[in-house]
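The values are calculated or read from the model by the stated rules, or taken from the named source; none is laboratory data. Every value quoted in this text rests on a predicted model; they were computed, and no experiment measured them. Neighbour counts run over all protein chains shown; Cβ positions are idealised from the backbone, glycine included. When the accessible area is computed, the model is the full protein with side chains, heavy atoms only, and any ligands, DNA or RNA have been set aside. Shrake-Rupley method; radii C 1.70, N 1.55, O 1.52, S 1.80 Å.
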Amino acid sequence: MSVHDTLAKDAAARGGAANLGPRPVYFDYQATTPADPRVVEALLPYFSEKFGNPHSVNHAFGWEAEEAVETARGQIAQLIGAEPREIVFTSGATEANNLAIKGAARFHREAKPHVITAVSEHKCVLESCHRLEDEGIKVTVLPVDDGGLVDLVALEAALEEPTALVSIMAVNNEIGVIQPLAEIGALCRAKGAYFHSDAAQAVGKIPLDVEAMKIDLLSISGHKIYGPKGIGALYVRRRPRVRLEPLFDGGGQERGLRSGTLPPMLCVGLGSACALAREEMADEAERLGELNAQLRRGLARRLQGVNLNGDADRRIPGCLNLAFEGIDSEDLVRAMPELAVSTGSACTSATVEPSYVLRALGLDTIRARSSLRIGIGRFTTAAEIERAIEVIAARVTQLREGPADKT
Ligand SMILES: *Cc1c(COP(=O)(O)O)cnc(C)c1O
């Protein structure tokens, strides 16, 4: 039984989903992932029996919770080649990105009032940079090429100015392309700028090593890697030491960088999601590669005029962004209630504007508007891929033939 079936059955048993009909098949793994059942099992005791405050130092309730949090911190660190002390828990990647970007830029604003990012970054990175601009810090937004990869020559030129931080994501959430992290890291290190990477879509999907890639700050999100929502982490390098101004004031938890009581249940969830990813990443990538190829082959057999958005080679297998010639993808999504897919990122798809990420690749509005993101992941099956091929091919063909049969 698939995760969806289980969830649907649960909901039906509670009388909740009675009039929602059958649930669509989930193809939106970049928006969020279901928590792995093994993650849920690991975190549940920390809601009730093991409810202690991990910052209570006087009794066993606190020690038990603290030990669990520290085990989780170690599991996260291990996945990215860091030390446990370099992991700061946050509420998610949005907060981690805000802390890294604003924290570094504000700390170094006198000597290095400049940050560099790229046009295809997540909104929370771009908006953090905008905020800094309001504070008088210069922001350089690098272009990307037609595959979505950042222009290293432009980066090198921008680094001529004293720069506090360069923020370039590891894997793009709309098109799945992988940025040249080691090359960017080397350029930043040579110029004395911190390298921050939003790795929400990369952690647990591709091997990451903060030493080899010379990454100084790295953002992680629990719910993109089969962990819980509401938890994430920021890796903060200790040698050479990265200096940040915290976003909030309080009890000085997390080395003074992130005050507030830690949620052990969520920390344990993120830790066990990282441990599972470390174990299973290689096999999972291979399996998703096969599903990806199956989907592309199946669509190519049934349809003309399907084009891949983003670099064809430097990409993760779990994210396919496809343009369907002659189609408005909003119409297509509405015509396929059986599939949970997205026309863009979860944050921007509510607006009718075509995706700024696709526009940044140089795609015209028509092609951007004809594009669909199909996310596959841990619980996607070959049978679900076959179903997606059938439904997409049939509805695209219908829409291309026009509204003749509509009454
Ligand atoms: C989902 C996502 C975020 C936001 O993460 P939250 O944990 O939901 O705050 C940031 N960046 C990228 C690339 C993402 O995919």
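How high is the relative contact order of the chain, given as a whole-number percent (alpha carbon pairs under 8 Å, six or more residues apart)?
Over the chain, the number comes to 22 percent.
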Fill in the blank from the handout: Placing each pseudo-label 7 Å from Cα in the direction of the beta carbon, ARG38 and THR71 end up separated by a distance in nanometres of 1.4 nm
Exercise for the section: Provide, in order from the shortest bin, the percent of all Cα-Cα pairs of the chain in each 10 Å bin, continuing until the bin that contains the maximum pair distance. Expected result: 5, 22, 30, 25, 14, 4, 1, 0
Completion exercise
Heavy-atom accessible area with a 1.4 angstrom probe orders VAL115, VAL153, VAL25, most exposed first, as VAL153, VAL25, VAL115
Problem - Vicinal HN-Hα couplings computed from phi for region 263-280 (Karplus, 6.51 cos²θ - 1.76 cosθ + 1.60; Hz; Gly/Pro x) - result: x, x, 4, 6, 4, 4, x, 5, x, 6, 4, 5, 5, 5, 4, 5, 5, 10
Problem - THR90 long-range amide H proximity, modeled H, under 5 Å - result: GLY232, ALA233, LEU234
Exercise for the section: Would you please put 55-61, 139-145 in order of how densely packed they are, using the mean number of other Cβ atoms within 10 angstrom per residue and starting with the highest? Expected result: 139-145, 55-61
Completion exercise
the chain: longest segment with zero exposed GluC sites (Glu not before Pro), where exposed means DSSP loop plus at most 10 other C-beta atoms within 10 Å, is residues 161-407
Problem - At 1.002 mPa s and 20 °C, Stokes diffusion of region 28-104 via Kirkwood alpha-carbon radius, µm² per second - result: 147 µm²/s
Problem - Selection of trypsin sites (Lys or Arg not before Pro), region 355-407, meeting DSSP coil and at most 10 other Cβ within 10 Å - result: LYS406
Problem - HN-Hα J in Hz across region 373-389 - Karplus 6.51, -1.76, 1.60, θ = phi - 60°, x for Gly and Pro - result: 9, 10, x, 10, x, 3, 9, 6, 10, 4, 5, 5, 5, 4, 4, 4, 4
Handout entry: Largest to smallest accessible area among HIS122, HIS196 [probe 1.4 Å]
Key = HIS122, HIS196
Problem - Simple Cβ-charge dipole of the chain, Lys/Arg +1 and Asp/Glu -1, about Cα centre, in debye nearest 20 - result: 160 debye
Practice task
Express in Å², to the nearest 10, the accessible area of PHE107 obtained by rolling a 1.4 Å probe over the protein heavy atoms while all chains stay in place.
Solution key: 90 Å²
Handout entry: Accessible-area ranking of LYS138, LYS50, largest first, probe 1.4 Å
Key = LYS138, LYS50
Handout entry: In Å², nearest 10: area of LEU126 left accessible to a 1.4 Å probe
Key = 30 Å²
Completion exercise
Listed by chain and number, the aspartates and glutamates with an alpha carbon less than 18 angstrom from that of LYS191, same-chain partners under 8 positions apart left out, are GLU110, ASP151, GLU156, GLU160, GLU161, GLU183, GLU211, ASP216
Handout entry: 1.4 Å probe accessible area per residue over the chain, in Å²
Key = 44 Å²
Problem - Restricting region 228-293 to trypsin sites (Lys or Arg not before Pro) in coil, as DSSP defines it, with at most 10 other Cβ within 10 Å - result: ARG241
Handout entry: Dimensions (Å) - region 39-275, Cα atoms, principal axes, largest first
Key = 55, 36, 28
Fill in the blank from the handout: For the chain, whose charge dipole is built from +1 on Lys and Arg Cβ atoms and -1 on Asp and Glu Cβ atoms, the candidate among ALA72, PHE51, LEU266 with its Cα farthest towards the positive end is PHE51
Fill in the blank from the handout: Carbon and sulfur atoms account, in whole percent of the 1.4 Å probe accessible area of the chain, for 53 percent
Handout entry: DSSP beta bridges in the chain [antiparallel fraction, %, rounded to 5]
Key = 55 percent
Fill in the blank from the handout: So for R0 = 45 Å, FRET eff. of ALA393-LYS229 from the Cβ-Cβ r, to 0.05, ends up at 0.85
Practice task
Specify whether the C-alpha gyration tensor of region 78-215 places it in the rounded, prolate or oblate class, a ≥ b ≥ c being the square roots of the eigenvalues: rounded for a/c under 1.5, otherwise prolate if a/b is larger than b/c and oblate if not.
Solution key: rounded
Exercise for the section: Find the Rg to Rh ratio for region 204-345, where Rh is the Kirkwood radius over alpha-carbon pairs and Rg uses the same atoms. Expected result: 1.07
Handout entry: Alpha-carbon centroids, region 223-277 and region 76-94: separation in whole Å
Key = 6 Å
